[in-house]
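K.L.:
The structure's right below; bear with me while I get my questions together.
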Amino acid sequence: MTTRIYLDHAATTPMRPEAIAAVAGGMARWANPSSPHAEGRAARRALEDARARIATALGWDGEVILTSGASEALAIALRGHDAVASSVEHDAVLRVVGGDRMPVGSDGRIDPAGVPEGRRVAVQSANSETGVLQPLAEVAARAGVLVADCSQSAGKLDLPDADLIVVSAHKLGGPPGIGALLVRDFALLTPTGGQEQGYRGGTENLPGALGFAAALEAPRDWFKRAAVLRAGLDAKIRAGGGEIVADASPRIATIAAYRLPGRSAAAQLMRLDSAGFAVSAGSACSSGTLKTSHVLSAMGMDAKAASEVIRVSVGWNTTAAEVDAFAAAWSAMA
C-alpha cells in the first residue's frame, strides 16, 4: 500500500481547509488583542468576532472562555470545587477530581440514579475510547452543576443542557492548541486573574480562535456519512470474529472499540501500521503505555481482554474506500 489511511481521528483530526486559511489570515494580525493601541484594538475586534461565531455555530447563548484546549477548560471548570466524575472519564478530568468516582456498567454508561444530588459532576458526552454516549439529560436533572466534556461530540452532535461545556478545536477540524469552556454563569467559576475576563492568563490565540470558528462553520453533512461507515465496519468486524465494545450501547458514529480475541492490541497496531493504517489502542494520552485501559477496566473487562482492544475513529475526510480497505486488512489479520 503506497497511501496511508488515517483512522485515528479521535486523537486529532486533520485541519479543514477553511480552518487552515483562517489561521493563516490570523497570522497576519500579529498584534496582541490585549494591547490598547489601534493594532491591538483591531486584533481584539477580530478575537471577539471569532468568539461570537464559535458560540453561534455551537448554538450556545452563554459565555465563552477561550482556552489552550480541553484539558485546560476542564481544569478551569473543576479546580477548587468538590466534584465527582464517572470512572470512565478522560485522564484530564481524573487528574483534577479526587478519588470520588461514579461507576459504570458493562455497557459503559453511568446509572443516573447513582449521581449524587447537588454535586458538581463531570461526565463525557461521548467516551473517547469506546464512543459510548452518556445519559446527560438524566445526569443534569440530579447534578448541582453539570460539567459536560464534549471534546469528542461538539460540532457533531447538539450540545447537552449543561452548566459548563468543554470543547476542543482539534477534534473537529480546527487547529490544535485552542479550545473553549462554555459557561452558563460566571458565578460557577473561580477567577484567577489574567485574560479571558480573569479566568485564564496568557496572550490570546487569535489565529487559533479564527481557525476554530472557521472549522465549526464548515459543512457538517459528513457526520451522517460517518454513521453509515461505522455501521458497515461494525458488521464486518462481527462477521470476522471480532467483538465490539459496548455493542448494545448508544455510541457516537465516529468512534468504535474492537477486540480481536487472542491477539494483543500492540501486535494488531504493528501489523496494521506496517500495512499503512493509523489506528490506536485507547486515548492518545495513554495509548503509549502498557497499563490496562481504566475505561475498559471500569466496564468490568479483564486485563487480557482489554489488552486485545483497538480503537478505530473516522473523521470529516474519511471515505468508504478507506474503511473498506481497513476492514479487508483487519479480516486478513484476524
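The values are calculated or read from the model by the stated rules, or taken from the named source; none is laboratory data. Since the model is a prediction, treat every value here as computed from it, not as a measurement. As a convention, Cβ positions derive from the backbone with ideal geometry for all residues, glycine included, and neighbour counts pool all protein chains shown. Areas reflect the complete protein model, heavy atoms only, side chains present, ligands, DNA and RNA absent. Shrake-Rupley method; radii C 1.70, N 1.55, O 1.52, S 1.80 Å.
K.L.:
Assess whether L216 counts as being closer than 20 Å to G62 by Cβ and touching a His at 6+ places or on another chain (Cβ under 9 Å). Step through it out loud before you land on a result.
P.N.:
Working: closer than 20 Å to G62 by Cβ: yes; touching a His at 6+ places or on another chain (Cβ under 9 Å): no.
Criteria not met by L216.
K.L.:
Could you tell me whether segment 238-259 includes any residue that is among the charged types (D, E, K, R), out of contact with any Phe, Trp or Tyr (no Cβ under 6 Å at 6 or more places or on another chain), in a loop (DSSP other than H, G, I, E, B) and touching a residue at least 60 places away in the same chain (Cβ under 8 Å)? First the steps, then the outcome.
P.N.:
The first filter runs over segment 238-259 and keeps only residues among the charged types (D, E, K, R), leaving 238, 243, 247, 251, 259.
With out of contact with any Phe, Trp or Tyr (no Cβ under 6 Å at 6 or more places or on another chain) added as a condition, the list becomes 238, 243, 247, 251, 259.
Filter once more, keeping what is in a loop (DSSP other than H, G, I, E, B): 247.
Among the residues that remain, those that are also touching a residue at least 60 places away in the same chain (Cβ under 8 Å) are: none.
Checked segment 238-259: no residue is among the charged types (D, E, K, R), out of contact with any Phe, Trp or Tyr (no Cβ under 6 Å at 6 or more places or on another chain), in a loop (DSSP other than H, G, I, E, B) and touching a residue at least 60 places away in the same chain (Cβ under 8 Å).
K.L.:
Quick check on segment 260-276: of everything there that is without any contact (Cβ under 8 Å) to a residue 40 or more places away in the chain and over 24 Å from the mean Cα position of the chain (by Cα), which residue is most open to solvent (accessible area, probe 1.4 Å)?
P.N.:
Looking at the filtered set, the residue picked out is M270.
K.L.:
Taking only segment 72-111 into account, find how many residues are polar (S, T, N, Q) and open to solvent by less than 60 Å² (accessible area, probe 1.4 Å). Don't jump to the end; show me each part of the working.
P.N.:
First pass over segment 72-111, keeping only residues polar (S, T, N, Q): 86-87, 106.
Next, only the ones that are open to solvent by less than 60 Å² (accessible area, probe 1.4 Å) stay: 86-87.
Of the residues in segment 72-111, 2 are polar (S, T, N, Q) and open to solvent by less than 60 Å² (accessible area, probe 1.4 Å).
K.L.:
Another question, then. Of the conditions (1) touching a residue at least 24 places away in the same chain (Cβ under 8 Å); (2) farther than 18 Å from H294 by Cβ; (3) of a type outside the set (S, T, N, Q); (4) in contact with a strand residue (DSSP E or B) (Cβ under 6 Å, 6 or more places away or on another chain), I110 satisfies every one except a single condition; which number is it?
P.N.:
In the conditions (1) touching a residue at least 24 places away in the same chain (Cβ under 8 Å); (2) farther than 18 Å from H294 by Cβ; (3) of a type outside the set (S, T, N, Q); (4) in contact with a strand residue (DSSP E or B) (Cβ under 6 Å, 6 or more places away or on another chain), I110 misses (2) alone.
K.L.:
What are the residues in segment 208-231 that are closer than 22 Å to G108 by Cβ and in contact (Cβ under 8 Å) with a residue 60 or more places away in the chain, if any?
P.N.:
Of all residues in segment 208-231, those closer than 22 Å to G108 by Cβ come to 223, 226-227, 229-231.
Listed by number, the residues that qualify are F223, A226, L229, R230.
K.L.:
Across segment 302-319, which residue is modelled with the highest pLDDT among those that are among the hydrophobic types (A, V, I, L, M, F, W, C) and open to solvent by 50 Å² or more (accessible area, probe 1.4 Å)? Give the steps one after another, and end with the answer.
P.N.:
Initially, segment 302-319 is screened for residues among the hydrophobic types (A, V, I, L, M, F, W, C), giving 303, 305-306, 309-310, 312, 314, 316.
Subsequent filtering for residues that are open to solvent by 50 Å² or more (accessible area, probe 1.4 Å) retains 303, 316.
Numbers: A303: 94, W316: 97.
The residue in question is W316.
K.L.:
All but one of (1) at pLDDT 95 or above; (2) within 19 Å of V183 (Cα to Cα); (3) touching a Lys or Arg at 6+ places or on another chain (Cβ under 8 Å) hold for H81; state the number of the condition that does not hold.
P.N.:
(1)
K.L.:
Consider segment 149-167. How many of its residues are crowded, with 20+ Cβ neighbours inside 10 Å, at negative phi and either touching a Gly at 6+ places or on another chain (Cβ under 9 Å) or among the hydrophobic types (A, V, I, L, M, F, W, C) (or both)?
P.N.:
The qualifying residues number 10.
K.L.:
Among (1) surrounded by 20 or more Cβ atoms within 10 Å (Cβ to Cβ); (2) among the polar types (S, T, N, Q); (3) in contact with a helix residue (DSSP H, G or I) (Cβ under 8 Å, 6 or more places away or on another chain), which single condition is T203 missing?
P.N.:
All conditions are met except number (1).
K.L.:
Would you check if I54 is in contact (Cβ under 8 Å) with a residue 24 or more places away in the chain, of a type in the set (A, V, I, L, M), over 30 Å from E117 (Cβ atoms) and surrounded by 18 or more Cβ atoms within 10 Å (Cβ to Cβ)?
P.N.:
For I54, the condition - in contact (Cβ under 8 Å) with a residue 24 or more places away in the chain, of a type in the set (A, V, I, L, M), over 30 Å from E117 (Cβ atoms) and surrounded by 18 or more Cβ atoms within 10 Å (Cβ to Cβ) - is met.
K.L.:
Can you pull out the residues in segment 112-148 that are surrounded by fewer than 18 Cβ atoms within 10 Å (Cβ to Cβ) and among the small types (G, A, S)?
P.N.:
Listed by number, the residues that qualify are A113, G114, G118, A137, A141, G144.
K.L.:
Something else: So which strands (runs of 3 or more DSSP E) stay within segment 139-230 end to end and still have 3 or more residues that are in contact with a Cys (Cβ under 7 Å, 6 or more places away or on another chain) and modelled with pLDDT of 95 or more? Steps first, answer last, please.
P.N.:
On the way: elements: 145-149, 164-168, 179-183.
Filter on segment 139-230 gives 164-168.
K.L.:
Separate question: Search segment 168-184 for residues being farther than 19 Å from P219 by Cα and out of contact with any helix residue (DSSP H, G or I) (no Cβ under 8 Å at 6 or more places or on another chain), and hand back the single one that is surrounded by the most Cβ atoms within 10 Å (Cβ to Cβ). Talk me through it step by step, then tell me what you get.
P.N.:
Just the residues of segment 168-184 that are farther than 19 Å from P219 by Cα, to begin with: 176-184.
So of that shortlist, the ones also out of contact with any helix residue (DSSP H, G or I) (no Cβ under 8 Å at 6 or more places or on another chain) come out as 183-184.
On the way: V183: 22, R184: 17.
Out of the qualifying residues, it is V183.
K.L.:
To continue, here is another question. Tell me, please, whether a residue that is open to solvent by less than 70 Å² (accessible area, probe 1.4 Å), in a helix (DSSP H, G or I) and under 13 Å from L206 (Cβ atoms) can be found in segment 13-20.
P.N.:
Taking every residue of segment 13-20 in turn, none turns out to be open to solvent by less than 70 Å² (accessible area, probe 1.4 Å), in a helix (DSSP H, G or I) and under 13 Å from L206 (Cβ atoms).
K.L.:
What number of residues in segment 268-296 are part of a helix (DSSP H, G or I) and modelled with pLDDT of 95 or more? Walk me through how you get there before you give the answer.
P.N.:
The initial filter retains those residues of segment 268-296 that are part of a helix (DSSP H, G or I), namely 268-274, 294-296.
Filter once more, keeping what is modelled with pLDDT of 95 or more: 268-274, 295-296.
Total meeting the criteria: 9.
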